[in-house]
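The values are calculated or read from the model by the stated rules, or taken from the named source; none is laboratory data. All of these numbers come straight from a predicted model, not from anything done at the bench. Here the Cβ is made from the backbone with ideal geometry for all residues, glycine too, and neighbour counts use every protein chain on show.
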Number of protein chains: 2
Amino acid sequence: MEKESSKINQILSMKGGLGEESYAKNSKPQRANLSSSVPVLKQAVLDFCDTELPHCITIADLGCSSGPNTFFAVTQITSLIYERCSQLGLSPPEFSIFLNDLPGNDFNTVFQSFLPAFKEKIGAENGSDFGPCYISGVPGSFYGRLFPSNSLHFVHSGTSLHWLSQVPPELNDKSNPLINKGKIYISKTSPAAAIEAYQIQFQKDFCSFLMARSTEVVPGGRMVFTLKARRFADPTADESCLIWDYLGQALQDLVLKGLIEEEKLDTYNAPYHEPYVEEIKTEIAKEGSFTLNCLEIIALPWDACNGGMKCDRETTAKNLVRVLKAINESMIRSHFGAEVLDPLFQVLTAIIAADTKEVEHVTAVFYVTRKD
Amino acid sequence: MEKESSKINQILSMKGGLGEESYAKNSKPQRANLSSSVPVLKQAVLDFCDTELPHCITIADLGCSSGPNTFFAVTQITSLIYERCSQLGLSPPEFSIFLNDLPGNDFNTVFQSFLPAFKEKIGAENGSDFGPCYISGVPGSFYGRLFPSNSLHFVHSGTSLHWLSQVPPELNDKSNPLINKGKIYISKTSPAAAIEAYQIQFQKDFCSFLMARSTEVVPGGRMVFTLKARRFADPTADESCLIWDYLGQALQDLVLKGLIEEEKLDTYNAPYHEPYVEEIKTEIAKEGSFTLNCLEIIALPWDACNGGMKCDRETTAKNLVRVLKAINESMIRSHFGAEVLDPLFQVLTAIIAADTKEVEHVTAVFYVTRKD
């Protein structure tokens, strides 16, 4: 299992660089999510500023990825703290900022392209008294410890916690390969054992996340995290499954065409889970280190991938597939080989364009405080 | 000047990746230097362990590059501290490790290839009680602030401080392009103004380095740094100039062949300086925040690039040029274009192979303590 988990840590990464197919160029829905979470983030920062602030405030962004979104939350948090300190007549604090993602993340592009842009923007917006900001990149899984004890004041994690530390091991069990046959995530036809495997893996991972942070975050420290989640108890609802069904159908199509072996598809499952929001609340209460201050649901329209534009179904399908490709490419290449990528995403575009179903993309924003 | 300096920060980087021409594969002389500095490093660690140790020890390696040397000093420092704590009956500390280099450094390869190797090695050598080690990458110039005040306990910088923050501005003065005509660093024919420009730039940069660290390192914190330096007062001694003369000759050869414009060569100078060790001592005393505990001179033989093997002059030339290429390629490509690289390093190999001169490669190791 350790091996499976460390394999995922190497494979799971958004597409790096700045090219047309990069995550940097195809992460509009994630940006929309982040923007929608700003009111909760703002509330958390203002509450935090009501406490006694240290001279150097340590902020971590967990699952920062590589793109224009990498510095989004950090820009908001630092600017809000700076503004609040000015209002309160406090001298401006220093910021120590840790950007975390798995080791396969494209940190080079973060440091070479997005860090200069962040420094320029934040300096221009806040003036010369702002900062300094000391920036670090932290490679590693947030399901384990990443920072020394009692070292973080404010933690953010945006649209990352739905990625599991590994595919639930029951689904990779070679003696039982049919448990989620032809599917790559929970689907209406998935057996109860597959659904349960996903739920158990999420609970285990999310509890590990909370336990690691409970040691790293100072008492009174704040944490805001957003993740894809379900508003409904039903784990097979379209809200969380439709897109994975589409991708599973596209893979099945390639099996029929002889481009993918059936067994390859049967052993491919996404290291991903969209939990029911009530489950998340239960886990926070059970782990016990954090008080839940606020929970908001963000529901974005089906065409969020168009960046606010209204488009026909075909264009929406193309844009959505670019986003899905930037997210899934590294995992699909690793399992099926690079040669399936082009036909797969062509078929996926056609499948999505031909359907008329539209479900909202749902994200939950949690704001918690580390108990004293 | 700010612009020149930030340009260097983008351009100056050792060749990334793991290929045959990478710095990772061509940094044997630097490794030999690091190995030779271990006795001083060990003394500094033992002295440090005689002070009251914090539960989490913060270590920074400045100019870490990307290769097998990246974790060399960190491995030594953490293992020595762990061993000493065991001897003293103290509980093992946690380590927070910051790896710094310019933003152009290949941090992706550090995180994906050398970090797993480090973790495996250090775990195997020290046993299960060792650590944890929290690793961060810090992009930025060590001539400015990189860390919060009073946040570092132990600092190391290996064979990096001879790289300047910029080419001395006098040498880039378009109204006076002849100041170091046909040369790319101090040479026997360099005018006094060029030599002085290099010395002043070094003093300014080194003072900035000390001032930044004086704020970041806790009182009683230790710093060990190695840099190329001269044993003799003469700034044109072969010891520090011969290799740059060879590279300058190779560039001149390409000017004669019409592959490089003369003006291009006249405006190219290395952002590099090998100071006289006495100058460094003077600067440390002048800045005033650090006590000099120890200074050692390391003199490696001309054929250190062969990794301890005895080779003929031609093989040594080839190996030396591979090292020089891994170091200089990014800067030369940026100024002259990629097309000069192959002919240039072929000519350079021939020039070095044809000569019989051999000088030692000299490095100075300084061990200092932050005053209370």
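Remarks
Residue by residue, here is whether (1) acidic (Asp, Glu); (2) at pLDDT 90 or above; (3) within 14 Å of B:Ala270 (Cβ to Cβ); (4) not in a helix (DSSP H, G or I) holds:
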site: B:Thr159; (1), (2), (3), (4): no, no, no, yes
site: B:Ser190; (1), (2), (3), (4): no, no, yes, yes
site: B:Met211; (1), (2), (3), (4): no, yes, no, no
site: B:Val218; (1), (2), (3), (4): no, yes, no, yes
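- Residue ID - farthest from A:Pro271 (Cα to Cα), chosen from residues in the stretch A:177-188 that are over 23 Å from the mean Cα position of the chain (by Cα) and either surrounded by 24 or more Cβ atoms within 10 Å (Cβ to Cβ) or free of Cβ contacts under 8 Å to residues at least 40 places away in the same chain (or both): A:Ile179
- Unmet criterion (only one of (1) more than 29 Å from A:Ile57 (Cβ to Cβ); (2) out of contact with any His (no Cβ under 6 Å at 6 or more places or on another chain)) for B:Tyr143: (1)
- Among the residues making up the stretch B:326-344, those that are of a type outside the set (Gly, Ala, Ser) and farther than 12 Å from B:Ile260 by Cβ are B:Ile327, B:Asn328, B:Glu329, B:Met331, B:Arg333, B:Asp342.
- Residue within the stretch A:246-262 that is in a helix (DSSP H, G or I), under 19 Å from the mean Cα position of the chain (by Cα) and surrounded by 20 or more Cβ atoms within 10 Å (Cβ to Cβ) present: yes
- Test for A:Glu278: is it surrounded by fewer than 19 Cβ atoms within 10 Å (Cβ to Cβ), in a helix (DSSP H, G or I), out of contact with any Phe, Trp or Tyr (no Cβ under 8 Å at 6 or more places or on another chain) and at pLDDT below 90: no
- For the stretch B:163-176, a residue qualifies if it is surrounded by 21 or more Cβ atoms within 10 Å (Cβ to Cβ) and part of a loop (DSSP other than H, G, I, E, B), and the qualifying residues are B:Leu164, B:Ser165, B:Gln166, B:Val167, B:Pro168.
- Options B:Glu239, B:Glu296; residue that is modelled with pLDDT of 85 or more, of a type in the set (Asp, Glu) and not in a helix (DSSP H, G or I): B:Glu296
- Subset tally (residues that are more than 9 Å from every other protein chain (Cβ to nearest Cβ) and without any contact (Cβ under 8 Å) to a residue 12 or more places away in the chain) for the stretch B:87-125: 6
- Within the stretch B:28-78, tally of residues that are in contact with a strand residue (DSSP E or B) (Cβ under 7 Å, 6 or more places away or on another chain), farther than 25 Å from B:Val362 by Cβ and part of a loop (DSSP other than H, G, I, E, B): 3
- One residue from B:Val155, B:Val218 being within 14 Å of chain A (Cβ to nearest Cβ) and either surrounded by fewer than 17 Cβ atoms within 10 Å (Cβ to Cβ) or farther than 20 Å from B:Glu279 by Cα (or both): B:Val218
- Some residue of the stretch B:47-55 being away from every other protein chain (no Cβ under 14 Å), at pLDDT below 90 and touching a helix residue (DSSP H, G or I) at 6+ places or on another chain (Cβ under 7 Å): no
- Complete set of residues in the stretch B:126-150 that are under 21 Å from A:Pro132 (Cβ atoms) and either of a type in the set (Gly, Ala, Ser) or away from chain A (no Cβ under 12 Å) (or both): B:Ser136, B:Gly137, B:Gly140, B:Ser141, B:Phe142, B:Tyr143, B:Gly144, B:Ser149
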